[in-house]
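Student: I am attaching a structure below and will ask some questions about it afterwards.
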Amino acid sequence: MKPSVKMIKGTHLTAADKRNILGCIEFLRTEENYAIWMGRKGSKKQYLLAPDRVIPNRYCLLIKENYISDFGQKRENTTTFIIETRGVDPLPSAGWAIVQGDLFD
């Protein structure tokens, strides 16, 4: 089965976001602590993933995007998503250095 990302809750995920999320999941397999912001070089978006402890292949996701307003002010927009993956081995729950729920409230 081809790896895919399905949005359960949130506004909109682009195809590039979905590819980046799959890349982030593969990168996190080598990490002990998942509480890190990840992004691609040159991209204005950063991703933070947290596996659901109850449902495998389901993740809470934060996407932080930096941009400049029409008035030249630097702004930051953070959006929360719940996603589900298919065709990808689920990440095990990891020990977070901070309370996981605080990031997604």
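Student: Identify all residues within the stretch 37-55 that are of a type outside the set (Gly, Ala, Ser) and surrounded by 14 or more Cβ atoms within 10 Å (Cβ to Cβ); write none if there are none.
Tutor: 38, 40, 45, 46, 47, 48, 49, 51, 52, listed by residue number.
Here's the yes/no breakdown for (1) hydroxyl-bearing (Ser, Thr, Tyr); (2) in contact (Cβ under 8 Å) with a residue 40 or more places away in the chain:
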| residue | (1), (2) |
| --- | --- |
| 14 | yes, no |
| 21 | no, yes |
| 39 | no, no |
| 64 | no, no |
| 91 | no, yes |
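Student: With the requirement that a residue be in contact (Cβ under 8 Å) with a residue 12 or more places away in the chain and loosely packed, with under 14 Cβ neighbours inside 10 Å, what does the stretch 66-83 give you?
Tutor: 66, 67, 76, 77, 78 - these are the residues of the stretch 66-83 that are in contact (Cβ under 8 Å) with a residue 12 or more places away in the chain and loosely packed, with under 14 Cβ neighbours inside 10 Å.
Student: Scan the stretch 1-27 residue by residue and report those that are of a type in the set (A, V, I, L, M, F, W, C) and farther than 18 Å from residue 81 by Cα.
Tutor: 1, 27
Student: Give the stretch 3-36 a look and list any residue that's within 16 Å of residue 78 (Cβ to Cβ) and surrounded by fewer than 12 Cβ atoms within 10 Å (Cβ to Cβ), or say none.
Tutor: 9, 11, 12
Read-outs: derived from the displayed coordinates by stated rules, not from any lab. Only a predicted model underlies this, so the values are computations on that prediction, with no experimental measurement involved. Here Cβ is always computed from backbone atoms with ideal geometry, including for glycine, and neighbour counts include all displayed protein chains.
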